[in-house]
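Chemist: Quick one: the structure is below, and I'll ask about it shortly.
The values are calculated or read from the model by the stated rules, or taken from the named source; none is laboratory data. Note that the structure is predicted; figures quoted are calculated from it, not measured. Cβ: placed from backbone, ideal geometry, glycine included. Neighbour counts: every protein chain shown.
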Amino acid sequence: MTSLELDQRYSRQLRFGGIGIEGQRRLAIARPAIVGCGATGSALASLLARAGVGTIRIIDRDYVELSNLQRQSLFDESDAGESLPKAIAAARKIAAFNSQIVVEPRVADLTPSNIATLLEGVQLILDGTDNFETRYLINDFAVQQNLPWIYTAAVGSYGVTMNIIPGKTACLACIFPEPPRGMLETCETAGVLNTAVNWAASLAATEAIKLLVGAQERLRGTLLSFDLWSNQHAEVAAARPRVGCRACSKRNFLHLAGKDRPEITLCGLNSVQIHERGRIVDLAEMSKRLKPHGAVRHNDFVLKFWHEPYEMTLFPDGRAIIKGTTDTTVARSLYARYVGS
Ligand SMILES: [Zn+2]
């Protein structure tokens, strides 16, 4: 008997005909990446980790906040209290319930310039993002590299998911040459039900498991959406690429060639994000420097600085989120004054 058969952990999955011992072995050596570890990403990571997927790379740039806990099932109040980066908090939480698998946390924002490095060596990409900009970037990369990926989204009471197998199925740009209307709403403007998140993540995680165990013939070939509040559902055929598609037919990967995000973008309802590149910040040193100017707290991953009426969150790579304003000039000058120009 192999160790997998001896391990009671997976006994219910080993008994399931679609997986069995051979499927479980394949899961143990599988290497997917989850891009974004918010609500959908948390659910995906938890399901795949519990199922015994051997190495999971989790890429997320954000830190845990209290408002996440309603739906982001891998995090708890102490993570929010510590303002831990989600990728780190996810790795710690997973280690507590499955220490046999490997989680590779990456505290980073997926951009055209780092996507090849961040996704190097993975065999499947799962979408835990909350925006179409990143999804088009993933789509271009996946089509170019011939890597499968699974689109998953939830907003309001609505969830949607679709498998993209380059060279076989439609890609995201086949179905949505432009970002779909309605999905431009975000969880911050339209809210989201945790059940819609888990519905979409459950379907996507199941498709991921099928793919990883080699049950390709069982994969769904449609874009499937469901509104859990109105009970309306829709399915759009997506089993074949669209002739003339910008990405998979013409191989014009404009999002890979795209510039990285502008230095400052508005994020959320009352905050500004400053994308700094190439600046390394010593958070302990910075904490000492900021102490005379307001309340400050830091750990290895993040620094929080309260300077009424603003709250600045600073990361070791120099990125900052300033809450309490939507004025980029105000945010910029606060950053320049306390962090550096
Ligand atoms: Zn396409």
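Chemist: Give me the residue from segment 184-243 that is assigned to a loop (DSSP other than H, G, I, E, B) and among the β-branched types (V, I, T) and, out of that set, surrounded by the fewest Cβ atoms within 10 Å (Cβ to Cβ).
Modeler: Filtering first and then ranking leaves V243.
Chemist: Working only within segment 226-255, note down all residues that are of a type in the set (S, T, N, Q) and within 11 Å of the ligand (Cβ to nearest atom).
Modeler: Within segment 226-255, S249, N252 qualify.
Chemist: So the check is Cβ under 6 Å with 6+ separation or different chains; which pairs have a first residue in segment 161-172 that's within 14 Å of S225 (Cα to Cα) and a second one that's assigned to a loop (DSSP other than H, G, I, E, B)?
Modeler: If the second residue must be assigned to a loop (DSSP other than H, G, I, E, B), the pairs left are M162/A238; N163/L219.
Okay, residues lined up against (1) within 14 Å of the ligand (Cβ to nearest atom); (2) more than 18 Å from the chain's Cα centre (by Cα); (3) within 17 Å of V35 (Cα to Cα):
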residue	(1), (2), (3)
D130	no, no, yes
Y136	yes, no, yes
C174	yes, yes, no
A215	no, yes, no
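Chemist: Has segment 263-282 got any residue that is at pLDDT 90 or above, farther than 26 Å from N131 by Cα and buried (at least 16 other Cβ atoms within 10 Å of the Cβ)?
Modeler: yes
Chemist: Show the residue pairs meeting these rules: Cβ distance below 7 Å; 6+ apart or different chains; first residue within segment 301-323 and closer than 14 Å to R337 by Cβ; second residue among the hydroxyl-bearing types (S, T, Y) and assigned to a loop (DSSP other than H, G, I, E, B).
Modeler: Close Cβ pairs satisfying both conditions: Y310/T325.
Chemist: Could you check segment 147-169 and list, in sequence order, the residues that are surrounded by fewer than 24 Cβ atoms within 10 Å (Cβ to Cβ) and within 13 Å of the ligand (Cβ to nearest atom)?
Modeler: I165, P166, G167, K168, T169
Chemist: Considering each residue of segment 226-236, count those that are aliphatic (A, V, I, L, M) and touching a strand residue (DSSP E or B) at 6+ places or on another chain (Cβ under 6 Å), and give that number.
Modeler: Residues that pass the stated criteria total 2.
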